[in-house]
Amino acid sequence: MNYHWDWMFFFQETDDGLKYYDWILSGLGWTTFVSLASLAVALTLGSVLGVMRTTPKRWLVGLGDAYVDVFRNVPLIVQLFMWFFVVPELVPEKLGIWMKQDLPYFVTAIVGLGLYTAARIAEQVKAGINSLSRGQRFAGLALGFTEWQTYRYVRLPMAYRIVLPALTSEAMNIFKNSAVTYAVGILELYFQYKQIIEKTSQVLEITIVVTLSYFILAFVMNRILAFVEARTRVPGLIVGQKGGK
Amino acid sequence: MIEIKNVSKWYGSFQVLTDCTTQVSKSEVVVVCGPSGSGKSTLIKCVNALEPFQQGSIVVDGIAVENPKTDLPKLRARVGMVFQNFELFPHMTITDNLAIAQIKVLGRGREEAVDKGLKLLDRVGLKNQAAKFPGQLSGGQQQRVAIARALAMDPICMLFDEPTSALDPEMINEVLDVMVQLAHEGMTMMCVTHEMGFARKVANRVIFMDRGAIVEDAAKEDFFGQPRSERAQTFLAKILNH
Ligand SMILES: Nc1ncnc2c1ncn2[C@@H]1O[C@H](COP(=O)(O)OP(=O)(O)O)[C@@H](O)[C@H]1O
Ligand SMILES: [Mg+2]
């Protein structure tokens, strides 16, 4: 093999006066920010949608189902292009111009990735709620809870615990999926990776570093949620067991 | 206290309840029995509107359950209910199970709610279990907590849906004892149960249901004596031989 290893290239100066490792760090920062912000959007909206789909109200269920069908089955990159290029043309003209000129790219990217992931989280939340015995809802209602209170105090706390492993994998996925936002101009890790490859010939070093970076991000997320799981574990309850039995 | 008049209910084209009429007066204990699938759970769930019904009316303490204007959460908060599978909230301690609805529904302060909960826990003989989670208690203990949880709301009447049928035989009596004590204190109770010993001890009336209809509704003495419908006799013979 004639490959010329040079790990020191990370400390070389780039055209813009920064070092290559600055590019990497900046990319890592954007990847982390976009991913966590999207996750927040996804968890919030996904929970609302998941709950909607388990209510006795038909139109809410229909609305939630339709959302999930659309947002889960259209490729993420197509969805991002929709938000960037199609939606501004469909909304009232002033709003469209504002979206194109003044709305920061990263906001649109976060919304796009968040709404895509929300559909997947909605599936998990719905599955979690439906895995509880019907009696739990009845017990809440019988005590005088409103339908919403049965979610707030009875069903969601258990549902989240049950689907935490699935949510963990969604939370890890979002770092990977965030790489797609390079296509709409977010200067995140994958964007920097491509840029560095074009500028230098140290493909192996940079690939190794970027791979490790993504791995570490996912790993840290995994550990955080494992901690949450341990903290919220219910004494005396076997994992996967239905409530109240 | 509870007046059920000509109640019929369908699941699609399947009729679960057929023209059910009965009532439970204040401080009365009424036992509902009948074969599995005869509609007992459905009927008792209609009383606090956990199940809707299409025909007839149910009035609880002067309030029509089927009236769309009725504030159902408020009504349900005044009607205690105990379920076959206990349905304690597994992620909460026993204390929180007892306190949560008092706080969130009745607006009591936490201290008052916990205090009240613990008093009732003591009454069902489980004072030292307050810090545990439902999954750490036996079935009989869980059901006693469930009764205490319902009582914490100061209900005007109590509904029981086969409170002992998910229990191991050795735990049935500890739950029945609590129910008997309640009955003696004058609680208005509608109990779906096959525990005929309990019925003999405290019931005022016994209702026998079959295929969604109330086939027999008689004073306890008459129900356990003669005469009664053939179906009720067959049913009684079956469960008493067990
Ligand atoms: N949600 C439901 N949808 C359709 N049928 C139901 C439903 N719940 C109960 N049933 C049917 O209604 C009948 C009465 O059920 P239930 O009231 O639970 O009887 P019981 O408590 O006397 O055993 C049964 O035949 C049961 O299969
Ligand atoms: Mg039943």
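Details
- Any chance residue B:14 is more than 14 Å from chain A (Cβ to nearest Cβ) and within 11 Å of ligand 1 (Cβ to nearest atom): yes
- Flag for residue B:36 being under 17 Å from the mean Cα position of the chain (by Cα), away from chain A (no Cβ under 14 Å), more than 24 Å from residue B:103 (Cα to Cα) and surrounded by fewer than 23 Cβ atoms within 10 Å (Cβ to Cβ): yes
- Within segment B:22-29, none of the residues are within 27 Å of residue B:147 (Cα to Cα), within 14 Å of chain A (Cβ to nearest Cβ) and charged (D, E, K, R).
- In the set (1) within 14 Å of another protein chain (Cβ to nearest Cβ); (2) more than 30 Å from residue B:79 (Cα to Cα), residue A:227 fails one condition alone, (1).
- Scan of segment B:156-179 for residues that are open to solvent by 20 Å² or more (accessible area, probe 1.4 Å) and more than 16 Å from ligand 2 (Cβ to nearest atom), ordered by number: B:156, B:168, B:169, B:170, B:171, B:172, B:173, B:174, B:177
- Residue within segment B:82-99 that is open to solvent by 10 Å² or more (accessible area, probe 1.4 Å) and within 30 Å of residue B:222 (Cα to Cα) present: yes
- Test for residue A:124: is it of a type in the set (S, T, N, Q) and within 14 Å of another protein chain (Cβ to nearest Cβ): no
- Within segment A:61-159, helices (runs of 4 or more DSSP H) holding 3 or more residues that are touching a residue at least 40 places away in the same chain (Cβ under 8 Å), surrounded by 21 or more Cβ atoms within 10 Å (Cβ to Cβ) and small (Gly, Ala, Ser): A:105-130
- Hey, residue B:135 open to solvent by 10 Å² or more (accessible area, probe 1.4 Å) and within 14 Å of another protein chain (Cβ to nearest Cβ) or not: yes
- For residue B:193, the requirement of being of a type in the set (Ser, Thr, Tyr) and touching a residue at least 60 places away in the same chain (Cβ under 8 Å) is met.
- Segment B:75-110, residues that are closer than 22 Å to residue B:156 by Cβ, free of Cβ contacts under 8 Å to residues at least 60 places away in the same chain and facing another protein chain (nearest Cβ under 7 Å): B:76, B:87, B:100, B:101, B:104, B:105
- Flag for residue B:218 being surrounded by fewer than 21 Cβ atoms within 10 Å (Cβ to Cβ), part of a strand (DSSP E or B) and aliphatic (A, V, I, L, M): yes
- Set B:41, B:36: member being of a type in the set (S, T, N, Q), part of a helix (DSSP H, G or I), within 16 Å of ligand 2 (Cβ to nearest atom) and farther than 17 Å from residue B:203 by Cβ: B:41
- Among (1) away from ligand 2 (no atom under 16 Å from the Cβ); (2) more than 14 Å from every other protein chain (Cβ to nearest Cβ); (3) of a type in the set (Gly, Ala, Ser); (4) in a loop (DSSP other than H, G, I, E, B), the one test that residue B:56 misses: (4)
The values are calculated or read from the model by the stated rules, or taken from the named source; none is laboratory data. Every value quoted in this text rests on a predicted model; they were computed, and no experiment measured them. Reconstructed Cβ throughout: ideal geometry from the backbone, glycine too, with neighbour counts over all protein chains shown. Side chains included, ligands, DNA and RNA excluded: accessible areas come from the protein's heavy atoms. Shrake-Rupley method; radii C 1.70, N 1.55, O 1.52, S 1.80 Å.
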